[in-house]
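In what follows, a single structure is set out as structure tokens and then discussed.
The values are calculated or read from the model by the stated rules, or taken from the named source; none is laboratory data. Note that this is a predicted model, so its numbers are computed, not measured. In this analysis, Cβ positions are derived from the backbone assuming ideal geometry, glycine residues included, and neighbour counts consider all displayed protein chains. For accessibility, only protein heavy atoms count, side chains too; no ligands or nucleic acids. Shrake-Rupley method; radii C 1.70, N 1.55, O 1.52, S 1.80 Å.
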Amino acid sequence: MTKCQFASDNTAGICPEAWEAMRLAGCGYELSYGDDTWTDGATKLFRRIFDTECEVYFVFNGTAANSLALAAMCQSYHSIIAHESAHIETDECGAPEFYSNGTKLLLAGGDDGKLTPDTVEPLITRRRDIHFPKPRVVSITQPTEFGTLYRPDEIRALSKLAKTHGMHLHMDGARFANAVAALDVTPKAITWQAGVDVLCLGGTKAGIGLSEAVVFFNRDLAKEFDYRCKQAGQLASKMRYMSAAWLRMFQDDLWLNYARQANTMARQLADRLSQVPGVKLLRAVQANAVFLQLTEQQQARLREHGWRYYTFIGGGARFMCSWQTTQHDVDELLHDLTGNL
């Protein structure tokens, strides 16, 4: 399939720089299981990018990153507070519960897919007896499933609440690069400086293709995490192919430049589609997700032309822009929808 698709940023390929880094990592011999020079270099660069000491682990996908990170923070009798639309609730097939041996998810509502202290605190305090799972983690998604963003002060407020009750703060950052680019902040400003203990940083959607990073800012929580990765089948024997891509993407701010491209295309797509009669923009575009209401005829027309998108996430039709989305792709979609450029 060569045509651009807006169903997900997962439909995009691996960016050329990451692909070339993987090729270079395959030249010659290297030590296995993360003891190679590429992984060492990438880990050091993570610490420089986030401007702090942290523990970094590479896994194959976001489900593994989130589930293993949450399991590292919880016992089976604990609970995790998340938004009812969070990926760990709706799209991970019970993996967080499975890897933590039964930790319960407690779900909160909230506008735009975001948690607030007002929605979280009642879940923390409503039961304190031994017959109910003890709240241990607050989990937020940045950007959310609705494409909305947590600003630093919002994260700090949730962290303060969590810490008051002896809890940790986890961030699902599958599209973290898009959030950093959209908010125009440093990576540390919306992670450890705001009180995040563990970040699951997405590489797949950022253009790397086959790797996510679990970053422990609270290094005590990383104890024996390497064993969790091994037991879960997430320890890559040739880890250099994963870490080399990260090493290259962090150089020259490539990861943020590609994220800015995706965000820019999303705003342009929203602006142009919202001018089409019958199309309604459902949410302000904050990162690289566009939510629209289309007529049945418009949906049928797009599908007839081979366009794919989701209609079960956040309401309406969701169009995701990726690092690979171009002006031509936006023009082509508009042409197929309206018959005019």
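Tabulated values for the structure
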item: Viscosity 0.692 mPa s, 37 °C: Kirkwood-radius Stokes-Einstein D of the chain over Cα pairs, µm²/s; result: 159
item: Ordering of 320-333, 124-137 by packing [mean C-beta count within 10 Å, highest first]; result: 320-333, 124-137
item: Heavy-atom surface of segment 46-92, accessible at 1.4 Å and reported per residue (Å²); result: 35
item: Of all accessible heavy-atom area on segment 170-282, the percent that carbon and sulfur account for (1.4 Å); result: 45
item: Normalised convex hull volume, segment 180-246, alpha-carbon set, Å³ per residue; result: 97
item: Segment 228-312: C-alpha pair distances exceeding 14 Å, %; result: 75
item: Within the chain, helix-based [θ] at 222 nm, where runs of 4 or more DSSP H residues each add -39,500 (n - 2.57), nearest 500; result: -11500 deg cm²/dmol
item: Reachable lysines, given that their alpha-carbon falls under 23 Å from the alpha-carbon of Lys160 and they are not under 8 places away in the same chain; result: Lys104, Lys114, Lys134, Lys188
item: Length-normalised contact order of the chain in % [C-alpha pairs under 8 Å, at least 6 apart]; result: 24
item: Spin-label model distance (nm) - Gln75 vs Asp226, 7 Å beyond Cα toward Cβ; result: 2.6
item: Share, in percent, of DSSP beta bridges within the chain that are antiparallel, nearest 5; result: 50
item: Estimated D of segment 196-341 in µm² per second, where Rh is the Kirkwood radius over Cα pairs and Stokes-Einstein applies at 25 °C, 0.890 mPa s; result: 138
